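**Q** Quick one: this structure, given as structure tokens, is what I'll be asking you about.
What follows is calculated from the coordinates using simple rules that are stated; it is not laboratory data. Please read all numbers here as calculations on a predicted model, not as lab measurements. No Cβ is skipped: glycine too gets one built from the backbone with ideal geometry, and neighbour counts run over all protein chains shown.
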Amino acid sequence: MSGHRPARATNSLQHLALGAAAMALLALPVLAQAPAGIPGVVAPGVEPELVQEGFVFTEGPVGLADGGLYFADIRVSRIHHLDASGKINLLREGTNGTNGLALTKDGDLLAAEGDGKRISKRSRDGAVTTLIDNHAGKPMLGPNDLIVDARGGVYITDPGPRPIVAGRPTYVSYLPPGAKESIVLDDKVVRPNGLTLTNNGRTLIVDDTVGPTVFAYDVQPDGTVKNKRTFAQLQDIPAGSESGADGLAIDRDDRVYITTVAGIQVFDASGKYLGRIKAARQGANAAFAGPDKRTLYITAREGLYRIKTLAQGPDRLGK
């Protein structure tokens, strides 16, 4: 028996030591693990950083040829210009709740004016005119986003204002170059929001703020579409919640970046989920900019963020 007592004492001391060590570890500050990165997209350990805050609800980023960026602040009806040196200036006030922005090949700035119920055009001399205010002759409800194709035509999403009204139409439409009326492409998406074109211009991608399905359409030579199908299913959306799918970006390899309630979800050209990027605030839209288009800018509520990427933005004007 005497031979067993020291063993029990030793075991007790060991347990006490282990317990003390465990308590000491618990007392240490919890360190966030560095993000693992997304191969070909973001290097491990790289996270979004704040560029500037003090806005109300940032949206509509679009990269400029000189590496700068335009972005909107919806709720105070302003458009800002981040120049190539990093300075932010006010470009336009009284924008009627402008959300999405796009650039024409002539350098004119197009704006989806949700409250103005139109797509406006700001020429390089500062003059603002109406480009289009209808879908196939029917008044716009509250356009959200837009993108210009290589022909100069414009794709538009118009989910209408909140709250959702049963039976009220929504629109994905196309304004051919020089036309005065747009063509309705789809009126069956619950709340169409962000949209983009693949680099070859042959596929239109549209998300839905309510549901998790992201749609793709084959673009025809005249700009119309056919063969609507599922491009991707959004990931990690809390049960019973809307997806919050909002603005889109696309890189030179046709990877698609979709802002959602769960962060910016990244998919490859086939719709395979690759990972996500999270800023300190929930993102509403994203766009590549900078001199080499290797910076992804994220508009997120009161702030504008950016993250350095391995991926490169598309080789075209704007988004």
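**Q** Relative to the Cα centre, what is the charge dipole magnitude of segment 197-319, using +1 at the beta carbon of each Lys and Arg, -1 at the beta carbon of each Asp and Glu, and rounding to the nearest 20 debye? Provide the component values of the computation, followed by the final result.
**A** Numbers: 17 positive and 14 negative charges, 58 e Å.
For this selection, approximately 280 debye.
**Q** Order these by the 10 Å Cβ neighbour count, fewest first: R75, R255.
**A** Numbers: R75 12, R255 18.
Starting with the residue having the fewest Cβ neighbours, the order is R75, R255.
**Q** For R75 and E302, calculate 0.36 nm times their separation in residues minus their Cα-Cα distance, and state this gained length in nm to one decimal. Don't skip to the answer; put the middle values down first.
**A** Numbers: separation 227, 0.36 × 227 = 81.72 nm, distance 1.08 nm.
That works out to 80.6 nm of additional length.
**Q** Now for a different question. Treat every Asp and Glu Cβ in the chain as -1 and every Lys and Arg Cβ as +1, leave all other atoms uncharged, and give the resulting dipole magnitude about the Cα centre to the nearest 20 debye.
**A** Details: 36 positive and 34 negative charges, 124 e Å.
Rounded to the nearest 20 debye, it is 600 debye.
**Q** Moving on. Quick check: residue separation of K138 and R151 times 0.36 nm, minus the Cα distance between them. What number comes out in nm?
**A** Details: separation 13, 0.36 × 13 = 4.68 nm, distance 2.40 nm.
Roughly 2.3 nm would be gained on extension.
**Q** Let me ask something else about it. Along the positive direction of the dipole of the chain (beta-carbon charges: Lys, Arg +1; Asp, Glu -1; about the Cα centre), which of V76, L101, Q235 reaches farthest?
**A** Q235
**Q** While we're looking at this one, here's another question. Using Cα-Cα distances under 8 Å and only pairs 6 or more residues apart, what relative contact order does segment 46-308 have, in percent?
**A** 18 percent
**Q** Tell me, what is the Rg over Rh of the chain, with Rh the Kirkwood radius over Cα pairs? Could the numbers behind the result be given before it?
**A** On the way: Rg = 24.0 Å, Rh = 20.8 Å.
Ratio value, two decimals: 1.15.
**Q** Separate question: Modelling each spin label as a point 7 Å along the Cα-to-Cβ direction, I'd like the E49/T230 distance in nm, to one decimal.
**A** 4.0 nm
**Q** Counting only helical runs of four or more DSSP H residues, what would the 222 nm mean residue ellipticity of the chain come to if each run contributes -39,500 (n - 2.57) and the total is spread over all its residues? Mind showing how you got there, number by number?
**A** Values: 1 runs with 23 residues, N = 319.
Taken over the chain, the calculation gives -2500 deg cm²/dmol.
**Q** Using label points projected 7 Å from each Cα along Cα→Cβ, tell me how many nm separate I183 and R162, to one decimal.
**A** The two pseudo-label positions are separated by 3.4 nm.
**Q** Taking every pair of alpha-carbon atoms in segment 147-207, what share in percent sits in each 5 Å bin, from 0 to the bin with the longest distance?
**A** With a bin width of 5 Å, the distribution comes to 4, 18, 27, 22, 16, 8, 4, 0.
**Q** In whole angstrom, how far apart do the alpha carbon centroids of segment 104-133 and segment 190-252 sit?
**A** Each part's Cα centre sits 24 Å from the other's.
**Q** So if I restrict to the alpha-carbon atoms in segment 96-136, what is the Rg, and what is Dmax, the biggest pairwise distance, in Å?
**A** When restricted to the Cα atoms of segment 96-136, Rg and Dmax are 9.8, 30 Å.
**Q** In addition: Using amide H atoms built 1.01 Å from N in the peptide plane, name the residues 5+ places from L131, or on other chains, whose amide H lies under 5 Å from its own.
**A** So L131 has HN proximity to I119, S120, K121.
**Q** Taking just the alpha carbons, could you work out the radius of gyration and Dmax for segment 222-306, both in angstroms?
**A** 13.7, 42
**Q** Note down the net charge around G313, summing +1 for each Lys or Arg and -1 for each Asp or Glu among other residues with Cβ under 13 Å from its Cβ.
**A** Details: positive: R252, R255, K293, R294, R306, K308, R316, K319; negative: D251, D253, D254, D292, D315.
Counting the neighbours of G313, the net charge comes to +3.
**Q** Separate question: Working from the alpha-carbon coordinates of segment 53-126, get Rg over Rh, Rh being the Kirkwood radius.
**A** Expressed as Rg/Rh, it is 0.94.
**Q** Using label points projected 7 Å from each Cα along Cα→Cβ, tell me how many nm separate N96 and A36, to one decimal.
**A** Simple spin-label model gives 4.7 nm for this pair.
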